[in-house]
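Here is the structure we will look at.
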Amino acid sequence: MPTPDSAPRVRFAPSPTGSLHVGGARTALYNLLFARREKGTFILRIEDTDVERSREELSAQILSAMEWLGLDYDEGPYYQSSRSELYRAAADRLLAEGRAYRAFETPEELEGERKKADAEGRAFRYSGAGRSIAPDESERRARAGERHVVRLKMPSETIAVEDRIRGRVEFPPEALDDFVLVRSDGHPLYHFCVCVDDAAMKITHVIRGDDHLANTPKHVALFDALGAPVPQFAHLGMILGTDRKKLSKRHGAAAVEEWRDVGILPEALFNFLALLGWSPGDDREILTRDEMEREFSLDRVGASPSVFDPEKLLWMNAQSIARMPADELLARSAPYATAGIPPVETALAAIDLHRTRVRTTIEMGRAISTYAADPDEYEPDGLRKHVKADTAAHLERLVSLLEAAGDWTPGPLEAALRAAAEELGVSGGRLIHPTRLALTGSTVGAPLFDVMALLGQETALRRMRRFIEKIGAPAPGA
RNA sequence: GGCCCAUUCGUCUAACGGUUAGGACGCGGCCCUCUCAAGGCCGAAAUACGGGUUCGAUUCCCGUAUGGGCUACCA
């Protein structure tokens, strides 16, 4: 379906200098949500102009992380590295129109001036010397092979940025100098590529991190010079670590793959990230992708930075797990069921038994595996706490009663155990806890009789016998 | 240093001049209960500070403080 001319066009433009950061992921996510809400187009563009730092495998990694999170784009990915013709043509045009000029200072000269300004306590600004070189002389020196950069002629008046999140932000001209568009080796620089591409791709809204706010007047001036309409801007607050510093590797998991690898579901991370700066306006915390796409609005995005709280993410993940259909949860958890998977009917029932008890798919995988493989060890604390001198004897009695059980379902099983407890003159707990330990190796978990029923008579009794053997023969006289 | 941005419970946030400042995570208590969870109920917990403007400021303005960003022939 063709989109009308008025439909917004937005983009996410990561640099492949690292894996997809949760901050970048949230930026992409807001762009996506905005595009869906406004019936616009979401474009992916890889900004790999920095040849020293960009790596191809990192682009692939970012793409796969986006796919996993459900950040699906309508156009692209475009790679800036294959668009150099466009930038060269734009630079030539700007030069020809007198909106940009060549500057012949060497990096060393500039460094010297910078140092001097520093020493004198003033802010360094490029002198603008290149502006006064006559066009034909500039042309001649360039043809003679003299090394030079291309700089933009910045306007001398205040540049105002209308930001959808921050309102009007003004930048006085003293703060801006004629920045470099093209390096002396011919490589176009970041700000230049961004604007040329945004213009070429007819981007209408630039939704990006706060760290670009101060760069925005450069971009406004560039769009003007390029004769392109200035898009609307929306600058998002940064995502911080729990120490309120910009989130980075030091904080642990800052990359989306890391969350994937610890058993976080993409829909939970999506939900969590969406609410890190945006709110639907009411008290809902758990939203479906569909609701977010219908309701997202830049007007409800906050301006302040937000701290990434892993605890809340885990809670959201638990919420996703609690709501997800069992067959789907099985597919997602199966890779983590390292000790094996029971028959599918059993696995599905196990999922429903454990879904309110786990927070990650890794934990779910482990839970599923307990129905496929006998425990290979028992919690030491559990043994200490629940195994008494007469426990083996009690369990033996229970086993013999259970061997005769005709109906292996929770109700009758509970009745049988309670009867055994009565007969032995002990509380139900004295049988229940060691039995859970025998069946699962753990003192915590799903209700015992559900576990027993699911395990089946043969498996349950085998595990109990193995446990009795492990904890030793009944004490004499018991 | 200069320019710019931000500031409501510990954390994510709601309240677009008038609310006992609401919800959620986490925390504590109670209920439920074979354990652990989930769930339900209850509780502690915030408008950074100082000035204005206004009948009235969390909300608007100005300072201060704190945090952050930009200030490259990096992105």
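The number of residues in the range A:301-345 being exposed (fewer than 15 other Cβ atoms within 10 Å of the Cβ), of a type in the set (S, T, N, Q) and under 23 Å from A:S369 (Cα atoms) comes to 1.
Being outside any helix (DSSP H, G or I), surrounded by 14 or more Cβ atoms within 10 Å (Cβ to Cβ) and among the small types (G, A, S) is true for just one of A:A389, A:A421, A:A367, A:A372. Which residue is that?
Numbers: A:A389 fails: surrounded by 14 or more Cβ atoms within 10 Å (Cβ to Cβ); A:A421 fails: outside any helix (DSSP H, G or I); A:A367 fails: outside any helix (DSSP H, G or I).
Exactly one residue qualifies, and that residue is A:A372.
If only residues of the range A:150-165 that are part of a strand (DSSP E or B) and of a type outside the set (A, V, I, L, M) are counted, the one that is nearest to A:G98 (Cα to Cα) is A:R151.
Taking the range A:65-87 as the search range and keeping residues that are touching a residue at least 12 places away in the same chain (Cβ under 8 Å) and surrounded by fewer than 15 Cβ atoms within 10 Å (Cβ to Cβ), which one is nearest to RNA strand B (Cβ to nearest atom)?
In the first step, residues of the range A:65-87 are kept if they are touching a residue at least 12 places away in the same chain (Cβ under 8 Å); the result is A:65-66, A:68-81, A:83-84, A:86-87.
Applying the additional criterion that residues be surrounded by fewer than 15 Cβ atoms within 10 Å (Cβ to Cβ) yields A:70, A:72, A:75, A:84.
Numbers: A:G70: 20, A:D72: 22, A:E75: 19, A:S84: 12 Å.
Here the residue is A:S84.
Restricting the range A:214-238 to residues that are in contact (Cβ under 8 Å) with a residue 40 or more places away in the chain and in contact with a Cys (Cβ under 7 Å, 6 or more places away or on another chain) leaves a set whose member that is farthest from A:H191 (Cα to Cα) is A:L226. For the range A:111-126, which residues satisfy the criterion of being closer than 18 Å to A:F179 by Cβ, over 40 Å from the mean Cα position of the chain (by Cα) and modelled with pLDDT of 85 or more? Selection gives A:E113 alone. Restricting to the range A:139-164, name every residue that is touching a His at 6+ places or on another chain (Cβ under 8 Å) and either closer than 18 Å to A:R93 by Cβ or at pLDDT below 90 (or both). Across the range A:139-164, the qualifying residue is only A:A142.
The set of residues from the range A:103-149 being of a type in the set (S, T, N, Q) and either surrounded by 12 or more Cβ atoms within 10 Å (Cβ to Cβ) or in a loop (DSSP other than H, G, I, E, B) (or both) comprises A:T106, A:S127, A:S138.
Being more than 30 Å from A:E139 (Cβ to Cβ), within 13 Å of RNA strand B (Cβ to nearest atom) and either touching a Lys or Arg at 6+ places or on another chain (Cβ under 6 Å) or at pLDDT below 95 (or both) is a description that does not apply to A:E57. Considering only residues in the range A:424-443 that are surrounded by fewer than 17 Cβ atoms within 10 Å (Cβ to Cβ) and free of Cβ contacts under 8 Å to residues at least 40 places away in the same chain, the one that is nearest to A:S369 (Cα to Cα) turns out to be A:G429.
Filtered by the rule that a residue be in a helix (DSSP H, G or I) and more than 10 Å from RNA strand B (Cβ to nearest atom), the range A:183-218 gives A:C195, A:V196, A:D197, A:D198, A:A199, A:A200.
Assess whether A:E52 counts as being modelled with pLDDT under 90, within 12 Å of RNA strand B (Cβ to nearest atom) and surrounded by fewer than 23 Cβ atoms within 10 Å (Cβ to Cβ). Yes, satisfied. Of the residues making up the range A:398-446, those that are near RNA strand B (Cβ under 9 Å from one of its atoms), under 18 Å from A:K388 (Cα atoms) and among the small types (G, A, S) number 4.
Could we say that A:L353 is part of a helix (DSSP H, G or I) and surrounded by 16 or more Cβ atoms within 10 Å (Cβ to Cβ) here?
Numbers: part of a helix (DSSP H, G or I): yes; surrounded by 16 or more Cβ atoms within 10 Å (Cβ to Cβ): yes.
Considered against the rule, which asks whether it is part of a helix (DSSP H, G or I) and surrounded by 16 or more Cβ atoms within 10 Å (Cβ to Cβ), A:L353 comes out as yes.
Out of A:G76, A:G70, which single residue is at positive phi and modelled with pLDDT of 90 or more?
A:G70
Any residue that is in contact with a Gly (Cβ under 8 Å, 6 or more places away or on another chain) and part of a helix (DSSP H, G or I) - is there at least one of those in the range A:454-475?
Filtering the range A:454-475 for residues in contact with a Gly (Cβ under 8 Å, 6 or more places away or on another chain) gives none.
No: the range A:454-475 contains no residue that is in contact with a Gly (Cβ under 8 Å, 6 or more places away or on another chain) and part of a helix (DSSP H, G or I).
Quickly run through the range A:81-102 and pick out the residues that are in a helix (DSSP H, G or I), farther than 23 Å from A:M154 by Cβ and not small (G, A, S). Let's see the steps before the verdict.
Taking the range A:81-102 and keeping what is in a helix (DSSP H, G or I), we get A:81-82, A:84-96.
With farther than 23 Å from A:M154 by Cβ added as a condition, the list becomes A:81-82, A:84-85.
Listed by number, the list holds a single entry, A:E85.
A Cβ distance below 9 Å, combined with a sequence gap of six or more or placement on separate chains, defines the contacts here; from the range A:271-282, residues that are farther than 15 Å from A:K312 by Cβ and free of Cβ contacts under 8 Å to residues at least 60 places away in the same chain reach residues that are within 8 Å of RNA strand B (Cβ to nearest atom) and part of a helix (DSSP H, G or I) in the pairs A:P280/A:R300; A:G281/A:R300. Of all residues in the range A:279-315, those being part of a helix (DSSP H, G or I), within 16 Å of A:F34 (Cα to Cα) and within 7 Å of RNA strand B (Cβ to nearest atom) number 1. Taken over the range A:319-342, the residue count meeting the criterion of being in a loop (DSSP other than H, G, I, E, B), more than 20 Å from A:F270 (Cβ to Cβ) and either of a type in the set (A, V, I, L, M, F, W, C) or at pLDDT 95 or above (or both) is 3. Cβ-Cβ contacts under 7 Å between residues 6 or more apart (or on different chains), taken from a first residue in the range A:456-467 that is more than 13 Å from A:E403 (Cβ to Cβ) to a second residue that is modelled with pLDDT of 95 or more and not in a helix (DSSP H, G or I), are absent. When the residues of the range A:166-182 are filtered to those that are of a type in the set (D, E, K, R), part of a loop (DSSP other than H, G, I, E, B) and more than 6 Å from RNA strand B (Cβ to nearest atom), the one that is farthest from A:A303 (Cα to Cα) is A:D178.
The values are calculated or read from the model by the stated rules, or taken from the named source; none is laboratory data. Quick caveat, the model's predicted, so the values are computed rather than measured. Quick reminder, even Gly has a Cβ in these numbers, built from the backbone with ideal geometry, and neighbours come from all protein chains shown.
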